[in-house]
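Let me begin by presenting the structure, written as structure tokens, before commenting on it.
The values are calculated or read from the model by the stated rules, or taken from the named source; none is laboratory data. Not measured: the values here are computed from a predicted model. Every residue, glycine as well, gets a Cβ built from its backbone with ideal geometry; the counts of neighbours run over all protein chains shown.
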Amino acid sequence: MARTEALVRAEKMWVEGFPDPATATVDDLRDAYDRLFLQFPLPEGIEPVEAEVGGVPVLFVTAEGAAQDKVLVWFHGGGYIMGSARGFQELGHNLSRASGVTVVLPDYRRAPENPFPAAVNDGIAVISALVSQYGAGNVAAGGDSAGGGLGLAALLAVRDKGESLPAAAVFISALLDLTASGDSIDEFDGKDVAVSRGSIGNVGDAYLQGHNPKDPLASPLFADLHDVPPTLFLVGSGEVLLDDSRRAAAAIVEKGGAASVSTYDDMVHVWPLFSSILPEGIQAADEAGAFIRKHLGL
């Protein structure tokens, strides 16, 4: 596939969007991460609403014409360290537009101040509260990058509590294995501009702080993936994390569930974050939205 000008620009934004991690503070990195995506504004008239769900601060983002009685809870990426609901509000809006439902963006607790399992406990609380409020058939769940791992882990924990699960799940460029054992890690390490074996190790160190990375709530790829809602994984063909999605989908299917992987040629990590400049980002959001509409009865 020919590399488009937009794709090269998105890759450059990933590379140049951060200060030197050797000298930057955690707050410096968080500020840079938010600024990277806040440069893409919301449409005029769209105002996210701050609220609290299950004791966790959230933003509700509703695109024009989207339902307010059906929701998608979306856990933002950022390696459990960076990212915020506000920083991901444009992605939230794009997913709301595509799915026709309101998107709920949790500000879950971040490492290193709040190590594992703080983030996943917040995810469990939000999913349980939304299912209780809206009904399982009116809730979908998902996340990108580390937020994908968090979202899947939280779904499994809710399942193991015997509670009803959301009707569908969607994950983009999900980080599901903090042991970095997928073949695509070595295949694309050094070629993927956003994620590397080293960065996965750094994330694991900050988040786990000595905890076993094979804990299914930290790396849900090692969980028993039975009774998972219908799940769609979207991932770039050249991503370090490609095999996380492939292996998780295969494990869900092996346990009798429904899961598929939609692979986008040569896309940058979590490319829908760059939908304002990258047509494939809109395409992926539309695919995710159609999947959610199908399973939420829209």
Quick one: A141 ticks every box in (1) small (G, A, S); (2) closer than 22 Å to G78 by Cβ; (3) over 18 Å from the mean Cα position of the chain (by Cα) bar one, so which box is it? (3)
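Please determine, by comparing only the residues of the stretch 198-216 that are among the small types (G, A, S) and either in contact (Cβ under 8 Å) with a residue 40 or more places away in the chain or part of a loop (DSSP other than H, G, I, E, B) (or both), which one is surrounded by the fewest Cβ atoms within 10 Å (Cβ to Cβ). Give the steps one after another, and end with the answer.
The first filter runs over the stretch 198-216 and keeps only residues among the small types (G, A, S), leaving 198-199, 201, 204, 206, 210.
Keeping just the survivors that are either in contact (Cβ under 8 Å) with a residue 40 or more places away in the chain or part of a loop (DSSP other than H, G, I, E, B) (or both) gives 199, 206, 210.
Working: S199: 17, A206: 18, G210: 8.
If we take residues in the stretch 198-216 being among the small types (G, A, S) and either in contact (Cβ under 8 Å) with a residue 40 or more places away in the chain or part of a loop (DSSP other than H, G, I, E, B) (or both), then G210 is surrounded by the fewest Cβ atoms within 10 Å (Cβ to Cβ).
Run down P230, P220, P213 and say which single residue is modelled with pLDDT of 95 or more, in contact with a helix residue (DSSP H, G or I) (Cβ under 9 Å, 6 or more places away or on another chain), over 29 Å from G137 (Cβ atoms) and not hydroxyl-bearing (S, T, Y). Spell out how you get there, then give the answer.
Values: P230 fails: over 29 Å from G137 (Cβ atoms); P220 fails: over 29 Å from G137 (Cβ atoms).
The conditions single out P213.
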Residues in the stretch 125-134: is at least one over 25 Å from A290 (Cα atoms) and modelled with pLDDT of 95 or more? yes
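Which of the following residues is polar (S, T, N, Q), more than 24 Å from G123 (Cα to Cα) and either under 19 Å from the mean Cα position of the chain (by Cα) or buried (at least 21 other Cβ atoms within 10 Å of the Cβ) (or both): S219, S275? Working first, answer last.
Working: S219 fails: more than 24 Å from G123 (Cα to Cα).
One residue alone meets the criteria, S275.
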In this structure, does S262 turn out to be hydroxyl-bearing (S, T, Y) and in a strand (DSSP E or B)? yes
When V240 is run through (1) under 22 Å from L165 (Cα atoms); (2) buried (at least 24 other Cβ atoms within 10 Å of the Cβ), the failure sits at (1)
State yes or no: is A125 in contact (Cβ under 8 Å) with a residue 12 or more places away in the chain and either in contact with a Pro (Cβ under 8 Å, 6 or more places away or on another chain) or at positive phi (or both)? no
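Is it true that some residue in the stretch 220-231 is in contact with a Gly (Cβ under 9 Å, 6 or more places away or on another chain), assigned to a loop (DSSP other than H, G, I, E, B), touching a residue at least 40 places away in the same chain (Cβ under 8 Å) and under 24 Å from P21 (Cα atoms)? Even if it seems obvious, please write down each step before you answer.
As a first pass, look at the stretch 220-231 and keep what is in contact with a Gly (Cβ under 9 Å, 6 or more places away or on another chain): 220-221, 225-231.
Those still in the list that are assigned to a loop (DSSP other than H, G, I, E, B) too: 225-230.
Imposing the further condition that a residue be touching a residue at least 40 places away in the same chain (Cβ under 8 Å) reduces the set to 225, 227-230.
So of that shortlist, the ones also under 24 Å from P21 (Cα atoms) come out as none.
No, the stretch 220-231 contains no residue that is in contact with a Gly (Cβ under 9 Å, 6 or more places away or on another chain), assigned to a loop (DSSP other than H, G, I, E, B), touching a residue at least 40 places away in the same chain (Cβ under 8 Å) and under 24 Å from P21 (Cα atoms).
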Of the residues in the stretch 136-156, those that are surrounded by fewer than 24 Cβ atoms within 10 Å (Cβ to Cβ) and either among the polar types (S, T, N, Q) or in contact with a Gly (Cβ under 8 Å, 6 or more places away or on another chain) (or both) number 2
Looking at the stretch 244-266 only, could you name the residues that are closer than 20 Å to K191 by Cβ, in contact with a strand residue (DSSP E or B) (Cβ under 7 Å, 6 or more places away or on another chain) and modelled with pLDDT of 95 or more? S245, R246, V261, T263, Y264
